[in-house]
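A short worksheet on the structure shown next.
The values are calculated or read from the model by the stated rules, or taken from the named source; none is laboratory data. Computed from a predicted model, the values in this text were never measured in an experiment. Every residue, glycine among them, receives a Cβ derived from its backbone with ideal geometry; neighbour counts consider all protein chains shown. Quick note on the areas: whole protein, heavy atoms, side chains included, nothing else; ligands and nucleic acids left out. Shrake-Rupley method; radii C 1.70, N 1.55, O 1.52, S 1.80 Å.
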Amino acid sequence: YYGYKGEPLDPQYKDAAGRTMHMAGFIPPAPCYNMHYIDDKGHSPGTAGFVPPLAGIDDPELMERKAMGLAKGYDDEYRDSEGRAPGMPGFVPPCYDDSYTDAGGKRPGEQGFVPPAHQKGASFAGSTFKAGCYDENYRDKNGRKPGDVGFISPFAALANLGPEDMTRQHPLGFDTYYRDAEGRAPGEPGFARPLPTGCVPLTGPDGKLLDPEYKDAAGLMPGQAGFTPPAPLYTAAFVDAKGFVPGDAGFVPPLTGLMDLSKRKAKAAGLKAGYDGEYRDCHGRSPGTPGFIPPAYNLSYSDREGRRPGENGFVPPPRRATAVPPGAA
C-alpha cells in the first residue's frame, strides 16, 4: 500500500477507526484517500467536484485548488483497493470515461469492453460488456454519472446527442445499455437503477434498504438537501414538541411507526445524547456508517485523523454539530 508521494505505507499503520490496510473500510492517512473517503458534501472519489482531504498538504496553492473540488473526481493522492496510485501498473480508477482503455485496448461502448472492477457500485470483476454498455462508474464528457439528468451514454455520444436530447429521451439519466452492479439490464428482475449524484440508498430502522427510489412529499430523494425520511427516521430538520432538535439533550424523536412499546417509552422520555440509531445525517447516512456526521459530539468523537476535541488540529464534524458536555452521550 503506497502513501503520500509514493512512499510505502507502514504496515502497522491504523486509521482513526483502528483498521489496518488489509481490513474492510480502511482509509489511508491524509492527504491520501481511497473509495471509503467521503467529503463534507457526501461525495466519494469519482464524483465531479469531490473534495479530497487537505490535511498534510504544505503548498497553499495546491490546497486551494483541491478545496475547490476535483473536476475529474480524483487526483494523484487517490489509492485503489490494492493501495496503488494513478500511473502505477494495474491501477484501478474510481471512475472512467471515453479516454479509458481496458487491458485489451477496448474503450467504453466497444464490443467486449471490460470495465474497471473495484469495491464500489458496478464491481462484477471479469464481466465483458456488449457494444454500448456501461455501468455506474462511467462518466460522460460533462462529468455526469448515470442517473444524473442530461447524462450522455457512450452510444448517445457517438450519435452527437447532447444533454438536452438525453433529458428529453431519458429523463432518469440512463438508457437500455446501462448495467447495474450485478450486470442486470433495465427491465430485468431485481434491476437497480442508478441514483442522481449525492443521493444514497435509504436504510430503515432495521438496517435494511427501503425502496431505493423513495421520495418524500416534496419529491426529494435521500441525500438531496431538505429530504425528509419516513418516521421513525428523522434528520436535523425535525423539531420536537418542546422545540428541541437532534443533538439537544432530552430531544424526543418521532414515535410514529414504532411498534416496540418499551422502545417507544424510552424515546418519549427524551434522548440523553440528543439522537439515536434512527437519525440520518444530511447525506442520508446512519450512525456507525463511514462518513456519518453526528448532530452533536463530545469527547468520545474523533475526526478523520483520530484527533479528539481539545487536541491540536482537531476538526469538528462538518456543518458544525453542537458540542455537548462529557458524559451526555
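Conditions tested, residue by residue: (1) among the acidic types (Asp, Glu); (2) assigned to a loop (DSSP other than H, G, I, E, B); (3) at pLDDT 75 or above; (4) surrounded by fewer than 17 Cβ atoms within 10 Å (Cβ to Cβ).
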| residue | (1), (2), (3), (4) |
| --- | --- |
| Ala273 | no, yes, yes, no |
| Gly277 | no, yes, yes, yes |
| Asp281 | yes, yes, yes, no |
| Gly288 | no, yes, yes, yes |
| Pro294 | no, yes, yes, no |
| Ser300 | no, yes, yes, yes |
| Arg307 | no, yes, yes, yes |
| Val315 | no, yes, yes, yes |
| Gly327 | no, yes, no, yes |
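In this structure, Thr228 qualifies as out of contact with any strand residue (DSSP E or B) (no Cβ under 6 Å at 6 or more places or on another chain), without any contact (Cβ under 8 Å) to a residue 24 or more places away in the chain and within 22 Å of Ile38 (Cα to Cα).
Given the condition among the aromatic types (Phe, Trp, Tyr), assigned to a loop (DSSP other than H, G, I, E, B) and surrounded by fewer than 19 Cβ atoms within 10 Å (Cβ to Cβ), answer yes or no: does some residue in the stretch 240-250 qualify? The answer is yes, given that some residue of the stretch 240-250 is among the aromatic types (Phe, Trp, Tyr), assigned to a loop (DSSP other than H, G, I, E, B) and surrounded by fewer than 19 Cβ atoms within 10 Å (Cβ to Cβ).
Of the residues making up the stretch 137-166, just one is at pLDDT below 95 and among the β-branched types (Val, Ile, Thr), namely Val149. Filtering the stretch 1-31 to residues that are modelled with pLDDT of 85 or more and within 17 Å of the chain's Cα centre (by Cα) leaves Phe26, Ile27, Pro28.
Taking the criterion of being in contact (Cβ under 8 Å) with a residue 60 or more places away in the chain and either among the hydroxyl-bearing types (Ser, Thr, Tyr) or at positive phi (or both), the residues of the stretch 186-206 that qualify are Thr197, Gly198, Thr203. Screening Gly104, Gly46, Gly18 for residues that are within 30 Å of Ala131 (Cα to Cα), in a loop (DSSP other than H, G, I, E, B), open to solvent by 20 Å² or more (accessible area, probe 1.4 Å) and not acidic (Asp, Glu) leaves exactly one candidate, Gly104. Among the residues making up the stretch 49-90, those that are of a type in the set (A, V, I, L, M, F, W, C) and outside any loop (DSSP other than H, G, I, E, B) are Phe50, Leu62, Met63, Ala67, Leu70.
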